[in-house]
Amino acid sequence: MMLAIAIVELLDGLRRFLLERRSDYTFVGADSSFSVRFQKKGKRIAIQCGASLLGEVEAKTLCQAVLSGAETFFQQPENKLPRNDPALEDLTSALEEFARAFR
């Protein structure tokens, strides 16, 4: 499932962006042209898609929303990955590391 790979990249990329001395992070969806740019603006994060500024939010609020959305999505029976899916271990690890860092 390409969505699981994309969510792993989003979680890992946001975690590194927020914990390291990076000023911006651009998420590019796996196997797509979709991208979102996150840029530090003091204690807030500006979120941009293409040329459109979507808004600014506190880092904690962004982390809570991303983690909640990912957990809720993959808890739904129709979205659960099969035990033999190669992306399952990466997804589980990314969710755990993100939760440990920002919960």
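Given the conditions (1) at pLDDT below 95; (2) under 11 Å from the mean Cα position of the chain (by Cα), report the number of the one that residue 82 does not fulfil.
Every listed condition holds for residue 82 apart from (2).
What are the pairs, 6+ residues apart or on separate chains, where a residue within the stretch 1-25 that is without any contact (Cβ under 8 Å) to a residue 40 or more places away in the chain and polar (S, T, N, Q) has its Cβ under 7 Å from a residue that is assigned to a helix (DSSP H, G or I) and surrounded by 15 or more Cβ atoms within 10 Å (Cβ to Cβ)?
none
Can you name every residue in the stretch 4-59 that is charged (D, E, K, R), part of a helix (DSSP H, G or I) and either surrounded by fewer than 17 Cβ atoms within 10 Å (Cβ to Cβ) or touching a strand residue (DSSP E or B) at 6+ places or on another chain (Cβ under 6 Å) (or both)? Talk me through it step by step, then tell me what you get.
Within the stretch 4-59, the first condition is being charged (D, E, K, R), and the residues that meet it are 9, 12, 15-16, 20-22, 24, 31, 37, 40-41, 43-44, 56, 58.
After this cut, where a residue has to be part of a helix (DSSP H, G or I) as well, the list is 9, 12, 15-16.
If the condition is that a residue be charged (D, E, K, R), part of a helix (DSSP H, G or I) and either surrounded by fewer than 17 Cβ atoms within 10 Å (Cβ to Cβ) or touching a strand residue (DSSP E or B) at 6+ places or on another chain (Cβ under 6 Å) (or both), then 9, 12, 16 are the ones that fit.
Can you pull out the residues in the stretch 60-99 that are closer than 26 Å to residue 33 by Cβ and either outside any helix (DSSP H, G or I) or in contact with a His (Cβ under 8 Å, 6 or more places away or on another chain) (or both)?
81, 85, 86
The values are calculated or read from the model by the stated rules, or taken from the named source; none is laboratory data. Because the structure is a prediction, the values reported are computed rather than measured. For neighbour counting, all protein chains shown are included, and Cβ atoms are generated from backbone atoms with ideal geometry for every residue, glycine included.
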